[in-house]
Amino acid sequence: MDAAVHTGASPLTSVSELRSFVRQTVEKTPVTDIHTHLYPPDSPQLLFGIDELLSYHYLIAEALRVSDLPYETFWELPRRKQADFIWATLFVNRSPVSEACRGVLTTLAGLGLDVSRRDLEGYRTALADLSITEYVDRVLAVANVRYVVMTNDPFDPTERAYWLSAGRGARDPRFLAALRLDPLLLAWPRVVPQLVVAGYRVRTGETGLDAQTLGEIRRFLADWIERLEPVYLAVSLPPEFAYPDHSGKEEAIRTQLIEEAVLPSARQYGLPLALMIGVKRQVNPALRVAGDGVGKAAISAVEHLCASFPENKFMVTMLSRENQHELAVVARKFRNLLPFGCWWFLNNPSLVTEITRMRMELLGTSFVPQHSDARVLDQLIYKWAHARAIIAEVLSHQYELLLATGWQPTRSEVERDVEALLGGYFWEFTGRRPGADRQDAR
């Protein structure tokens, strides 16, 4: 029996037919955005709207770079005035050719606004009457995003108060949690007083953490895992991150926390640990939230973690371009490693194309090509419009290479592969899907 008949799908035999079908399939397939900095619609921390879009830190750094305005003067401006300044500097006085600027225009166009008018006040007025519920629904529909995974920090006072008061039944099922561990792993012992106030019997020690403290940290993690029901645990790490690391007291404590608290908790609840490696914090402190940089990291830390803890799963994204090939090679060697996204300074079409193609050549479809990293709700529109175009182009190219050998992809195979790239493989890797009962190892 012919393979196409057997599978119930007809083959795609021409390049034009293939490209058209891939593009249409990528556009229509809903995505799971596996890493964002968004918040639930009823949270006071959710950012949305044109002024937040324009005053995002990507655009702040770009605008202040070409302006004589003192940094402190900019920070003293109210948000609306900051947006006015950035619009005038980057969209009126210059052509908005950068990826961050183009993203604003893609977003406005996606919301049905005429970018040829260059009318900032008009854009504000056009969206002003939408309720937050309507705004969220509209953005998710335009971006064709089914789920967003947030970044949730129980050490943040505002967020902690929200989660302690929010009822589980009232949660928007499209907004999924990820438990952020940065303060725990990067700011010990400064978080000790917060843990004590919250009722956990932890203490610092001269030679490391004692059994009681480690047990209480595991209890803290268990409490917040039960409360948030996160998809994974996560931490953002500097380029100097090493594992194991006993070079100093802080480094030794971080190694102990990973080995004796975080990874056992992750195994118990069947949760991956996401490592985002490569941020150099505050290389220019005057830029505040826009002042971070990038550094090349050592991939050996990832290798050691994957090899030492085969029962744990690790998701890794790295900020430096120079780390990308080595990360993909390591992923070939460890099935408990999932490379994901083109993060922050890598979120430029030329780099996303290069990295996605390289990953696909090495890993097939067993990776996550992109996540939005959105801090402003509206960014979902441009991040996914731009990412889908690249994913469709890279996948089409790889299928064309198959056609040249005589292999003819079928429509159902294309749909399967696209679904995997836009969230399916992520859910396969994590072993869970929204709404499914959690399978604990307890």
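FYI, it's all coordinate maths here, none of it is from the lab. Predicted, not measured: the structure shown is a model, and the values here were computed from it.
For a quick check, take a GNM of the chain with Cα springs below 10 Å and name the residue from Phe340, Phe85, Phe426 with the largest mean-square fluctuation.
Fluctuation is largest for Phe85.
As a quick test, which of the pairs Lys313/Lys383; Lys28/Lys81; Lys296/Lys333 have an alpha carbon distance above 31 angstrom in this structure?
Result: Lys28/Lys81 exceed 31 Å.
Would you list the membrane-span-like helices of the chain, meaning whole DSSP H runs whose alpha-carbon atoms span at least 18 Å along their axis and whose mean Kyte-Doolittle value is at least -1.0?
15-28, 211-228, 349-363, 379-405
Sum -39500 (n - 2.57) across every DSSP H segment of at least 4 residues in the chain, then divide by the residue count to get the 222 nm mean residue ellipticity, nearest 500.
It lands at -14000 deg cm²/dmol.
Could you pull out every residue, at least 5 positions away or on a different chain, whose amide H is within less than 5 Å of the one on Thr410? Hs are placed 1.01 Å off N in the peptide plane, and Pro or chain starts have none.
Distant-sequence amide H within range of Thr410: Leu12.
Taking amide H positions as placed 1.01 Å from N in the peptide plane, with prolines and chain starts having none, which residues 5 or more places from Leu338, or on another chain, fall under 5 Å of its amide H?
HN-HN under 5 Å from Leu338: Phe314, Met315, Val316.
Return the percentage of antiparallel bridges among DSSP beta bridges fully within the range 3-430, rounded to the nearest 5 %.
That works out to approximately 10 percent antiparallel.
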